[in-house]
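See structure below.
Nothing in this text is a laboratory measurement; each read-out follows from the coordinates by a stated rule. Given the structure is predicted, the values throughout are model-derived calculations rather than measurements. All Cβ positions, even for glycine, are placed from backbone atoms using ideal geometry, and neighbour counts span all protein chains on display.
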Amino acid sequence: YIEDLHDAKGNKIDRAPNPMELLTIKVPQPVQSGDMVRALKEGLINLYKEDGTSVTVRA
């Protein structure tokens with residue numbers, strides 16, 4: 001469950017309907033470039049590249 005979701009402009013949003021939209025979330029631990037963030041259920045996976053960019057793919 002994600003509580004703090006923001007769009008690329010920094011606006012707080014409650015859902016992410018666009019699959020390639022750049023989003024920011026707060027996570028409970030530090031993350032580095034190259035880390036992968038996954039949903040706990042079926043859905044989308046964000047793959048983070050070493051340069052800090054991310055790609056969202058369907059699970």
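Points worth noting:
- Other residues within the sphere of radius under 9 Å centred on the Cβ of residue 34, judged by their own Cβ, net out at -1 (K and R +1, D and E -1).
- At R0 = 30 Å, FRET efficiency that the Cβ-Cβ distance of residue 49 and residue 15 yields, to 0.05: 0.75
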